[in-house]
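The values are calculated or read from the model by the stated rules, or taken from the named source; none is laboratory data. Values in this document were obtained by computation on a predicted structure and should not be read as measured data. Heads up, the Cβs are rebuilt from the backbone with ideal geometry, glycines too, and the neighbour counts pull from every protein chain shown. Just the protein is used for accessible areas: all its heavy atoms, side chains included, with ligands, DNA and RNA removed. Shrake-Rupley method; radii C 1.70, N 1.55, O 1.52, S 1.80 Å.
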Amino acid sequence: MSAAEQVRQYILENFLFSTDTSLLGLDESFLERGLIDSTGMLEVILFLEESFGVKVGDNEMVPENLDSVNRIAAFLERKKV
Amino acid sequence: MAAGPASLVDLLRESARRFPERPAILQRGAAVSYGELWRGVCRAANALRVGGLAPGERVALLIENSPGYVMAYYAVLQAGGVAVGLNTAMRGAELARNVAHCAANALIAMPGHPELPALMAARGTLRQIVTTPATAVSTAAAGRAVPAGAIAWHDWLAAVDESDVSAAVDSCAPASIIYTSGTTGDPRGVTLTHRNLVANTQSILAYLGLRETDRIVNVLPFYYSYGNSVLHTHLAAGASLLLENSLTYPHLVVQSMANERATGFSGVPATFALLLQRVPLADHDLSSLRYLTQAGGAMAPALTRRLRAALPAARLFVMYGQTEATARISYLPPERLDDKLGTVGIGIPGVAIEVQDAQGRRVAAGVEGEVCVRGDNVMLGYWENPAATAKVLRDGWLRTGDLGRLDEEGFLTLVGRSSDMIKTGAHRVSPLEIEEIVLELAGVAECAAVGVADPILGEVVRVCVVAAEGAGLEPRTVQAHCRNRLAVYKVPKEVVFVATLPKTASGKVRRFMLKEAG
């Protein structure tokens with residue numbers, strides 16, 4: 001499974017309590033959907049760190065890196081390099 | 001002024017007269033000056049009147065923190081109406097319930113709010129529906145079209161001028177309703193008068209010592225009493241409010257404080273816990289911070305110490321309050337923070353605090369009882385709910401439902417709550433409201449919601465469910481149902497299936513036992 005799909009599945013299961021992928025577009029903004037609050041974001045980061053072996057720095061906690069499935073996937077891709 | 005201010009509008013008018021060019025509200029790099037704000041308020045008030053708003057009628061606001069919210073709120077008061085700030089995190093049915101309960105005559109909303117169509121469909125008593133300018137609200141609203149049946153802010157204002165037509169204000173009349181945790185059958189619309197709002201604003205100003213040169217970075221929603229008081233106090237002082245609407249990226253909020261040379265910051269314990277945990281504060285130049293305020297639930301002394309150590313130059317005001325008391329009840333003067341750590345301080349100017357027993361008799365210093373409050377900050381009552389009002393307003397005192405004790409010097413220590421209310425982050429949640437929704441699910445025989453400890457949020461919601469035989473329920477089914485029906489912060493973080501609920505002989509659920517289970 002691609003990183004984007006893994007992330008989408010995680011967000012769906014933990015914030016929408018569903019497995020229906022039609023409920024969350026890959027480019028949909030979590031902020032605009034009101035999907036993830038401040039502590040939710042900490043959970044997302046923990047998931048990324050545990051599942052992908054990356055370390056998310058405090059300075060990297062910005063919407064550009066984390067505010068949609070595709071943004072997270074691109075961020076993970078950059079972290080690999 | 002010969003007479004004192006009759007309403008918040010008088011305080012804003014005075015700030016606009018003294019500081020017309022100073023920025024009142026800043027958001028995303030744009031500033032609205034006091035002069036602009038005041039002209040917008042007058043104009044919107046005139047539009048409300050032309051649209052048929054009569055004194056005392058309710059106007060619901062469904063707007064995130066923004067210049068549009070502030071203009072709309074003050075315009076409602078200026079027009080003699082009653083402002084009802086709706087919680088923008090709520091879902092359509094929750095919002096419709098509050099709008100119907102107060103029989104709102106007008107709605108001013110941000111155009112992109114996802115629940116706006118549902119609310120408009122349930123139109124009810126709404127005669128005017130107006131949407132605020134998209135660009136001034138949030139990114140969520142940017143570029144969204146005005147829905148059919150609503151009128152856009154600029155079109156709405158086009159037909160009226162900016163003349164200051166002040167209604168004669170009865171300071172004892174309702175000015176605002178704030179819905180706190182309630183249920184369908186027991187709504188809690190805290191009704192505040194003009195006098196409540198003015199008195200509390202002036203008391204807070206007296207001890208915080210705000211000036212026109214102050215600049216606060218605000219993350220608290222204005223639709224709650226704490227944010228509401230931060231807004232009114234700063235506007236009355238002629239200070240600037242820099243709006244940051246999300247703590248999802250705490251690092252950005254701190255960056256904003258540093259870049260804008262903020263002099264103040266207000267938060268609930270969860271706000272400070274999050275900042276201290278996620279942001280290396282020492283890496284940012286926060287030397288401009290002059291005051292920090294904390295309310296919205298008791299903060300652990302250890303967290304208070306960490307906050308002071310991280311920001312030693314800022315004066316930290318630990319405070320206590322309740323929506324039913326407009327916002328603020330007590331504050332701990334910063335110079336007493338060390339020797340009175342763990343208390344929530346003394347009554348704010350004009351407010352008396354007493355600890356009483358169940359019969360309403362004052363108890364001696366050091367003895368625990370219910371915290372009771374008297375002063376111009378105490379609400380008129382719960383809107384259209386005399387039974388609930390009678391329970392908390394007795395013999396001129398507001399019974400807060402909080403348990404505490406006073407020391408010989410009048411410093412209050414809170415020891416717990418007599419109610420089952422769950423406090424999660426900045427929110428109050430009624431367990432009954434969650435239970436009402438969970439019970440809608442087929443296969444749920446019984447359930448009980450409780451708050452369980454959480455390191456950041458203070459408490460999170462746990463629901464214990466007794467499933468009917470063969471129901472095949474999963475935690476996720478329960479959570480998904482709640483997610484569809486309730487604001488995100490009310491959705492249970494934990495769903496625990498139990499065989500039975502522990503009960504007293506009279507059949508009442510022993511909630512405290514469920515806090516320990518799991």
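Can you name every residue in region B:454-483 that is among the polar types (S, T, N, Q) and touching a Lys or Arg at 6+ places or on another chain (Cβ under 9 Å)? It would help to see each step written out before you state the result.
From region B:454-483, those among the polar types (S, T, N, Q) are B:477, B:479; that's our starting set.
Result: B:Gln479, single match.
With (1) assigned to a strand (DSSP E or B); (2) open to solvent by less than 50 Å² (accessible area, probe 1.4 Å); (3) out of contact with any helix residue (DSSP H, G or I) (no Cβ under 9 Å at 6 or more places or on another chain) as the list, and B:Arg399 as the residue in question, which single condition is left unmet?
Among (1) assigned to a strand (DSSP E or B); (2) open to solvent by less than 50 Å² (accessible area, probe 1.4 Å); (3) out of contact with any helix residue (DSSP H, G or I) (no Cβ under 9 Å at 6 or more places or on another chain), the lone unmet condition for B:Arg399 is (3).
Scanning region B:76-98 for residues that are among the aliphatic types (A, V, I, L, M) and open to solvent by 10 Å² or more (accessible area, probe 1.4 Å), which turns out farthest from the other protein chains (Cβ to nearest Cβ)?
To start, the set of residues in region B:76-98 that are among the aliphatic types (A, V, I, L, M) comprises B:76-77, B:79, B:82-84, B:86, B:89-90, B:93, B:95-96.
This time we only want the ones that are open to solvent by 10 Å² or more (accessible area, probe 1.4 Å), so: B:89-90, B:93, B:96.
Values: B:Ala89: 6, B:Met90: 10, B:Ala93: 16, B:Ala96: 18 Å.
It comes out as B:Ala96.
Search region B:255-270 for residues being within 12 Å of chain A (Cβ to nearest Cβ) and within 22 Å of the chain's Cα centre (by Cα), and hand back the single one that is farthest from B:Glu212 (Cα to Cα). Walk me through how you get there before you give the answer.
Going residue by residue through region B:255-270, those that are within 12 Å of chain A (Cβ to nearest Cβ) are B:255, B:267-268, B:270.
With within 22 Å of the chain's Cα centre (by Cα) added as a condition, the list becomes B:267-268, B:270.
Numbers: B:Gly267: 21, B:Val268: 24, B:Ala270: 28 Å.
Filtering region B:255-270 for residues that are within 12 Å of chain A (Cβ to nearest Cβ) and within 22 Å of the chain's Cα centre (by Cα), the one farthest from B:Glu212 (Cα to Cα) comes out as B:Ala270.
Evaluate the following for B:Leu292: is it at pLDDT below 95 and either open to solvent by 20 Å² or more (accessible area, probe 1.4 Å) or within 26 Å of B:Ala453 (Cα to Cα) (or both)?
Values: at pLDDT below 95: no; either open to solvent by 20 Å² or more (accessible area, probe 1.4 Å) or within 26 Å of B:Ala453 (Cα to Cα) (or both): yes.
No, not satisfied.
Being touching a residue at least 60 places away in the same chain (Cβ under 8 Å), open to solvent by less than 20 Å² (accessible area, probe 1.4 Å) and aliphatic (A, V, I, L, M) is the filter here, so list the residues in region B:6-23 that pass it.
Result: B:Leu8, B:Val9, B:Leu12.
If I filter region A:21-33 down to residues being surrounded by fewer than 18 Cβ atoms within 10 Å (Cβ to Cβ) and under 23 Å from A:Lys80 (Cβ atoms), which single residue comes out as farthest from the other protein chains (Cβ to nearest Cβ)?
A:Leu26
When the residues of region A:34-57 are filtered to those that are free of Cβ contacts under 8 Å to residues at least 12 places away in the same chain and surrounded by fewer than 16 Cβ atoms within 10 Å (Cβ to Cβ), which remaining residue is nearest to the other protein chains (Cβ to nearest Cβ)?
Step one: list which residues in region A:34-57 are free of Cβ contacts under 8 Å to residues at least 12 places away in the same chain, which gives A:34, A:37-39, A:42, A:46, A:49-50, A:53, A:55-57.
Next, only the ones that are surrounded by fewer than 16 Cβ atoms within 10 Å (Cβ to Cβ) stay: A:46, A:49-50, A:53, A:55, A:57.
Working: A:Leu46: 12, A:Glu49: 13, A:Glu50: 17, A:Gly53: 20, A:Lys55: 14, A:Gly57: 9 Å.
Looking at residues that are free of Cβ contacts under 8 Å to residues at least 12 places away in the same chain and surrounded by fewer than 16 Cβ atoms within 10 Å (Cβ to Cβ), I get A:Gly57.
Looking only at region B:473-518, count how many residues are closer than 21 Å to A:Phe17 by Cα and either open to solvent by 70 Å² or more (accessible area, probe 1.4 Å) or within 14 Å of chain A (Cβ to nearest Cβ) (or both).
The total comes to 25.
Only residues that are within 14 Å of chain B (Cβ to nearest Cβ), more than 16 Å from B:Ser246 (Cβ to Cβ) and crowded, with 16+ Cβ neighbours inside 10 Å: list them for region A:59-72, please.
We begin by selecting, within region A:59-72, every residue within 14 Å of chain B (Cβ to nearest Cβ); these are A:59-68, A:71-72.
When the remaining residues are screened for being more than 16 Å from B:Ser246 (Cβ to Cβ), the result is A:59-60, A:72.
Result: A:Glu60, A:Ile72.
Looking only at region B:299-314, decide whether some residue is touching a strand residue (DSSP E or B) at 6+ places or on another chain (Cβ under 8 Å), buried (at least 20 other Cβ atoms within 10 Å of the Cβ) and closer than 18 Å to B:Ser229 by Cβ.
yes
Filter region B:438-451 down to residues that are open to solvent by 10 Å² or more (accessible area, probe 1.4 Å), more than 14 Å from every other protein chain (Cβ to nearest Cβ) and either within 28 Å of the chain's Cα centre (by Cα) or of a type in the set (A, V, I, L, M, F, W, C) (or both), then give me how many there are.
Step one: filter region B:438-451 for residues open to solvent by 10 Å² or more (accessible area, probe 1.4 Å), giving B:439-447.
If we keep only those that are more than 14 Å from every other protein chain (Cβ to nearest Cβ) as well, we get B:439-440, B:442-447.
Then drop every residue that is not either within 28 Å of the chain's Cα centre (by Cα) or of a type in the set (A, V, I, L, M, F, W, C) (or both), which leaves B:439, B:442, B:444-445, B:447.
Summing the residues that are open to solvent by 10 Å² or more (accessible area, probe 1.4 Å), more than 14 Å from every other protein chain (Cβ to nearest Cβ) and either within 28 Å of the chain's Cα centre (by Cα) or of a type in the set (A, V, I, L, M, F, W, C) (or both) in region B:438-451 gives 5.
B:Val463: within 14 Å of chain A (Cβ to nearest Cβ), under 30 Å from the mean Cα position of the chain (by Cα) and in contact (Cβ under 8 Å) with a residue 12 or more places away in the chain, yes or no?
Working: within 14 Å of chain A (Cβ to nearest Cβ): yes; under 30 Å from the mean Cα position of the chain (by Cα): yes; in contact (Cβ under 8 Å) with a residue 12 or more places away in the chain: yes.
Spelling it out, B:Val463 is indeed within 14 Å of chain A (Cβ to nearest Cβ), under 30 Å from the mean Cα position of the chain (by Cα) and in contact (Cβ under 8 Å) with a residue 12 or more places away in the chain.
From the list B:Ala140, B:Ala175, B:Ala199, B:Ala152, which one is within 28 Å of B:Ser240 (Cα to Cα), crowded, with 16+ Cβ neighbours inside 10 Å and modelled with pLDDT under 85?
Numbers: B:Ala175 fails: modelled with pLDDT under 85; B:Ala199 fails: modelled with pLDDT under 85; B:Ala152 fails: modelled with pLDDT under 85.
Exactly one residue qualifies, and that residue is B:Ala140.
Restricting to region B:183-197, name every residue that is in a loop (DSSP other than H, G, I, E, B) and either under 23 Å from B:Gly51 (Cβ atoms) or out of contact with any Asp or Glu (no Cβ under 7 Å at 6 or more places or on another chain) (or both).
Quick first cut of region B:183-197, residues in a loop (DSSP other than H, G, I, E, B) only: B:184-185.
Matches in region B:183-197: B:Gly185 only.
Would you confirm whether any residue within region B:3-11 is out of contact with any helix residue (DSSP H, G or I) (no Cβ under 8 Å at 6 or more places or on another chain), at pLDDT 95 or above and not in a helix (DSSP H, G or I)?
No.
Do you know which of the residues in region B:31-64 that are in a strand (DSSP E or B) and touching a Pro at 6+ places or on another chain (Cβ under 8 Å) is surrounded by the fewest Cβ atoms within 10 Å (Cβ to Cβ)? Please lay out each step first, then the result.
The initial filter retains those residues of region B:31-64 that are in a strand (DSSP E or B), namely B:31-33, B:58-62.
Now restrict to residues that are touching a Pro at 6+ places or on another chain (Cβ under 8 Å): B:31-33.
Details: B:Ala31: 14, B:Val32: 21, B:Ser33: 17.
Only one residue tops the list, namely B:Ala31.
Can B:Leu77 be described as out of contact with any Phe, Trp or Tyr (no Cβ under 7 Å at 6 or more places or on another chain) and either of a type outside the set (Lys, Arg) or closer than 21 Å to B:Asp170 by Cα (or both)?
On the way: out of contact with any Phe, Trp or Tyr (no Cβ under 7 Å at 6 or more places or on another chain): yes; either of a type outside the set (Lys, Arg) or closer than 21 Å to B:Asp170 by Cα (or both): yes.
Judged against the criteria, B:Leu77 is a match.
Does B:Glu384 satisfy being touching a Cys at 6+ places or on another chain (Cβ under 9 Å), under 30 Å from B:Arg485 (Cα atoms) and either outside any strand (DSSP E or B) or not hydroxyl-bearing (Ser, Thr, Tyr) (or both)?
Numbers: touching a Cys at 6+ places or on another chain (Cβ under 9 Å): yes; under 30 Å from B:Arg485 (Cα atoms): yes; either outside any strand (DSSP E or B) or not hydroxyl-bearing (Ser, Thr, Tyr) (or both): yes.
Taking the combined requirement at face value, the residue satisfies it.
Return yes or no: is B:Ser287 more than 15 Å from the chain's Cα centre (by Cα) and either within 14 Å of another protein chain (Cβ to nearest Cβ) or at pLDDT below 95 (or both)?
Details: more than 15 Å from the chain's Cα centre (by Cα): yes; either within 14 Å of another protein chain (Cβ to nearest Cβ) or at pLDDT below 95 (or both): no.
Considered against the rule, which asks whether it is more than 15 Å from the chain's Cα centre (by Cα) and either within 14 Å of another protein chain (Cβ to nearest Cβ) or at pLDDT below 95 (or both), B:Ser287 comes out as no.
Per-residue answers, yes or no, for (1) free of Cβ contacts under 8 Å to residues at least 40 places away in the same chain; (2) more than 18 Å from B:Gly296 (Cβ to Cβ); (3) more than 14 Å from the chain's Cα centre (by Cα):
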residue	(1), (2), (3)
B:Arg211	yes, yes, yes
B:Ile216	no, no, yes
B:Ser225	no, no, no
B:His234	yes, no, yes
B:Thr248	yes, yes, yes
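Which of (1) touching a helix residue (DSSP H, G or I) at 6+ places or on another chain (Cβ under 9 Å); (2) under 29 Å from B:Pro5 (Cβ atoms); (3) touching a residue at least 40 places away in the same chain (Cβ under 8 Å) is the odd one out, the single condition B:Pro269 does not satisfy?
Result: B:Pro269 fails condition (2) only.
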